[in-house]
Amino acid sequence: GGFFLRGKPSEGIRWSRLLASLSLTLFSFNRKKMSLKSERRGIHVDQSELLCKKGCGYYGNPAWQGFCSKCWREEYHKARQKQIQEDWELAERLQREEEEAYASSQSTQGAQSLTFSKFEEKKTNEKTRKVTTVKKFFTASSRTGAKKVAQEKVVKQGQLGRERNADNILRDLKEIFTPSWELASPTEAEIQEAKAPSPSINRQASIETDRVSKEFIEFLKTYHKPGQDIYKQCKLFLDTMNHKRDLSIEEQSECAQDFYQNVAEKLQTRWKVPPEKVEKAMDQIEKYIMTRQYKYVFCPETTDDEKKDLAVQKRIRALHWVTPQMLCVPVNEEIPEVSDMVVKAITDIIEMDSKRVPRDKLACITKCSKHIFNAIKITKNEPASADDFLPTLIYIVLKGNPPRLQSNIQYITRFCNPSRLMTGEDGYYFTNLCCAVAFIEKLDAQSLNLSQEDFDRFMTGQTSPKKQESDSWSPDVCLGVKQMYKNLDLLSQLNERQDRIVSEAKKLEKDLIDWTDGVAKEVQDIVEKYPLDIKPKNQALAAIDSENVENDKLPPPLQPQVYAG
């Protein structure tokens with residue numbers, strides 16, 4: 001169940017039709033025959049995992065809960081309208097309850113103070129009238145001065161507003177009635193306007209922003225009148241976004257998606273632009289807008305994108321030990337051409353972070369994917385199968401560890417032209433990248449066909465998978481790589497020996513402590529059972545015959561005598 005990619009696909013191929021023939025799986029491993037008796041697993045993505053779960057036929061996205069851009073916006077609007085309706089009903093109910101409570105309290109107080117109401121009302125009115133008269137007498141001049149200042153301020157603002165409106169009207173009229181042959185050479189004022197930053201953004205435009213602005217103006221010249229209207233719409237959208245910085249990133253994304261849709265509809269219906277030119281115009285519009293908005297909408301502080309980036313980066317670092325064989329990657333890096341393709345694929349996926357336009361980021365993903373297909377094709381000596389693409393993409397992501405991966409994915413999802421993510425090869429490769437990241441986040445021992453004990457040891461760095469023996473290395477492999485793997489094996493063996501020595505030393509120490517405690521306990525038991533009674537010396541000599549009562553006439557004890565010889 002897969003398709004075979006032969007050669008370079010033409011621009012007219014609809015990748016969404018090819019997707020119907022794919023049978024790839026996302027989080028499960030499939031057994032495939034490597035020989036007559038052995039099998040291997042392949043990471044397989046089901047069609048339902050790639051397509052929108054609503055069944056519209058477009059690509060889905062994990063960031064949109066499995067929906068495509070169009071269906072996700074519909075679901076989002078429904079949920080939002082439902083929430084607004086529920087909040088409105090809650091507010092009405094609370095207001096009714098408050099009014100009822102206030103009315104009941106007023107009726108109770110009115111019944112108690114009915115006899116004094118007229119007197120209190122007259123007294124209050126008279127006091128209020130006196131206080132108001134005194135205030136008017138002392139504060140009339142100051143109030144008049146304040147009114148004058150406010151009126152002057154309003155007049156000045158009105159004059160400035162009218163001057164700005166007049167300038168804008170003159171500039172628009174000039175753009176409308178400028179002949180087409182004069183559009184080929186923009187005036188110096190227009191170039192300065194393109195270079196100058198918006199008043200709401202007090203910063204100097206970068207070199208890339210200047211270059212993109214000039215390219216955008218040159219591109220719009222070929223569209224004549226529609227090009228002028230497109231430029232005005234883009235400027236108006238940028239000014240609107242500059243005043244909506246306080247909105248959440250999801251709301252800003254919705255504004256951008258609405259703008260893309262409205263401009264595309266106007267190009268097709270109002271200005272009758274051909275479909276191929278509409279696609280080019282939308283690419284240039286996205287490039288012009290997102291180059292200016294990149295600083296504000298990429299990884300904003302109001303989101304947890306940075307936290308997710310660090311979590312994914314830490315996860316990939318912990319999985320550095322995963323080998324191509326564990327993922328069943330059909331790529332042989334010992335072949336020089338394949339090794340070059342792998343390096344290029346890693347370079348492309350890392351380069352994605354340096355781009356500012358979502359379309360350019362998608363182009364990096366597409367180039368990376370094509371290098372992967374070429375590497376598989378060279379290794380297998382046959383057209384690359386899509387069943388082998390996802391495992392290899394996962395391996396490339398693990399080996400490259402692209403910076404700010406989640407932020408780039410979220411940025412593309414939020415601000416890319418939705419037509420690119422829903423169809424086409426860019427959308428297909430981007431969907432696979434999202435699947436690869438989701439797989440890495442949920443990778444476990446069962447996914448790699450390992451025991452939980454080995455998986456935990458690999459994750460903690462206690463040991464690493466066995467590397468290839470030095471005798472079986474290819475002659476073309478770098479000597480430094482061979483020496484590195486030898487040193488890693490040696491360090492692993494030394495680490496194991498050290499662990500055994502430490503374990504035996506702790507065991508010996510425990511045995512010595514137990515033996516010492518046992519000997520001390522035995523001695524103590526003997527001492528308690530057989531106590532030693534020691535008597536004084538004089539008492540012992542005197543008591544030798546103390547018990548001899550029957551025979552008192554004993555001979556004296558023998559005394560030593562000295563004989564002279």
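The values are calculated or read from the model by the stated rules, or taken from the named source; none is laboratory data. Owing to the predicted nature of the structure, the values given are computational and were not obtained by experimental measurement. Note that each Cβ is placed from the backbone with ideal geometry, even for glycine, and that neighbours are counted across all protein chains shown. Protein only, heavy atoms only, side chains kept; ligands, DNA and RNA dropped before computing areas. Shrake-Rupley method; radii C 1.70, N 1.55, O 1.52, S 1.80 Å.
Just a few scattered comments:
- Rounded to the nearest 10 square angstrom, E92 shows an accessible area of 70 square angstrom against a 1.4 Å probe.
- ³J(HN,Hα), Karplus 6.51/-1.76/1.60, whole Hz, each residue of region 254-266, x for Gly, Pro: 5, 4, 5, 5, 5, 5, 4, 5, 5, 5, 4, 5, 5
- Protection proxy ranking, highest mean first, for peptides 442-452, 291-301: 291-301, 442-452, where packing is the per-residue count of other beta-carbon atoms within 10 Å, averaged.
- Centre separation in Å (Cα based) which lies between region 426-452 and region 492-529: 49 Å
- Among 99-107, 282-290, 206-214, the order from most to least packed when residues are scored by Cβ within 10 Å on average: 282-290, 206-214, 99-107
- Calculated on the alpha-carbon coordinates, the convex hull of region 348-426 measures out at 88 cubic angstrom per residue.
- Ordering of 304-311, 413-420, 434-441, 224-231 by packing [mean C-beta count within 10 Å, highest first]: 413-420, 434-441, 224-231, 304-311
- Backbone phi angles across region 215-223, fed through the Karplus curve with coefficients 6.51, -1.76 and 1.60 (θ = phi - 60°), yield HN-Hα couplings of 5, 5, 5, 5, 5, 5, 4, 6, 9 Hz in residue order; Gly and Pro are listed as x.
- Across K355/K380; K82/K225; K78/K367; K54/K370; K367/K442; K280/K307, pairs whose alpha-carbon gap is larger than 31 Å: K355/K380; K82/K225; K78/K367; K280/K307
- Solvent-accessible surface ranking, highest first, for W271, W515 at 1.4 angstrom: W515, W271
- Look at the Cα gyration tensor of region 207-297: its axes a ≥ b ≥ c give a/c of at least 1.5 with a/b at or below b/c, and that counts as oblate.
- H320 contributes an accessible area of around 140 Å² to the protein surface, as traced by a 1.4 Å probe with all chains present.
- HN-Hα J in Hz across region 438-452 - Karplus 6.51, -1.76, 1.60, θ = phi - 60°, x for Gly and Pro: 5, 5, 5, 5, 10, 5, 9, 5, 5, 5, 9, 6, 10, 6, 5
- Cα-based convex hull, region 304-460, per residue volume (Å³, whole number): 109 Å³
- Cα centre as origin, Lys/Arg/Asp/Glu Cβ charges: region 304-460 dipole, Debye: 560 debye
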